[in-house]
Amino acid sequence: MSIAGVIRTLTSLQEKGLLGRYAIMGGVATAVYMTPISTEGIDIIVEVASDSEFVSVFRNVGTVAERIVGLHHVIDGTKVQLFPSNTKPIYAEALDKAVVAQAEPGVQTRVVRREHLIVMLLESFRLKDRFRILELWSGANEKKVRDLIRKHDDTQQTLARRFASLLQSRS
């Protein structure tokens, strides 16, 4: 996987005005905060205000991709999936609060903060996500995580229940 190649390509699209702000999330972002775990590609939140704008961004990225496989663009041999910031409030907030980090030696990009990653991982809650949450938790701001859970949880408090059960299981 070539993270640097993907970042260079996306930066080039930004410079041409074909892509707005973006931030890396998912497995690649977690690798900034902890020992990397295998991941199949790079997940990117892209700033858009509408579905039609997202379609335009998707097409723009497609012009520089080697190919498109399902919803993934293949850039520099790496699968890249774009997530529109307007589909979930957590995406928009995570994009706004993203930090600059070194994704690879000499390659900086914006990545989602660990507290937002934890909440996003609570949504998907696969086995590998549970492991990542526990690893990320050790360096997270507890108050921020709990505030984000309250802010982005559903009426059944799914995220809060999942988080409590995870913390309980490690005791």
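To put it simply, the accessible area of the chain at a 1.4 Å probe is 50 percent carbon and sulfur. Charges were assigned to the Cβ only: +1 to each Lys and Arg, -1 to each Asp and Glu. The resulting dipole of the chain about its Cα centre is roughly 440 debye. Measure nothing but the geometry: give the 0 to 90° angle between the long axis through the Cα atoms of 127-137 and the longest principal axis through the Cα atoms of the chain, rounded to 10°. With both axes taken from Cα atoms, the answer is about 80 degrees. With the convex hull of its Cα atoms as the shape, the chain has an orientation-averaged projected area of 10.0 nm². Apply 1/(1 + (r/R0)^6) to the Cβ-Cβ distance of residue 88 and residue 40, taking R0 = 22 Å, and write down the FRET efficiency to the nearest 0.05. Efficiency at R0 = 22 Å is approximately 0.55. On a C-alpha basis, how far is the centre of region 1-64 from the centre of region 70-119 in Å? Whole number, if you could? Distance between centres, Cα-based: 6 Å.
When GluC sites (Glu not before Pro) are flagged only if DSSP places them in a loop and at most 16 other Cβ atoms lie within 10 Å, the longest unflagged stretch of the chain comes out as 67-171.
Take the chain with all the other protein chains still there, run a 1.4 Å probe, and you get 52 Å² of accessible area per residue. Simple rule: put +1 on each Lys or Arg Cβ and -1 on each Asp or Glu Cβ in the chain, find the dipole, and look at 19, 156, 39; the Cα lying farthest toward the positive end is 156.
Spacing of the modelled spin labels on residue 108 and residue 138, each 7 Å from Cα toward Cβ, amounts to 2.7 nm. Extension gain, residue 165 to residue 124, is 13.3 nm, computed as 0.36 nm per intervening residue step minus the present C-alpha separation. Helix 114-124 and the longest principal axis of the Cα set of the chain meet at an angle near 90°. Between residue 59 and residue 18, the contour length at 0.36 nm per residue exceeds the Cα-Cα span by 13.8 nm.
Using only Cα atoms, find the angle between the long axis of helix 158-169 and the longest principal axis of the chain, and express it within 0 to 90 degrees, rounded to the nearest 10. Tilt relative to the chain: about 60 degrees.
Annotation for region 84-171: trypsin sites (Lys or Arg not before Pro) lying in DSSP loop with at most 16 further Cβ atoms inside 10 Å of their Cβ are 126, 170.
The values are calculated or read from the model by the stated rules, or taken from the named source; none is laboratory data. Predicted model, so just to flag it, every value in this text is computed and none were measured. So basically every Cβ, Gly included, is an ideal-geometry build from the backbone, and we count neighbours across all protein chains shown. Quick note on the areas: whole protein, heavy atoms, side chains included, nothing else; ligands and nucleic acids left out. Shrake-Rupley method; radii C 1.70, N 1.55, O 1.52, S 1.80 Å.
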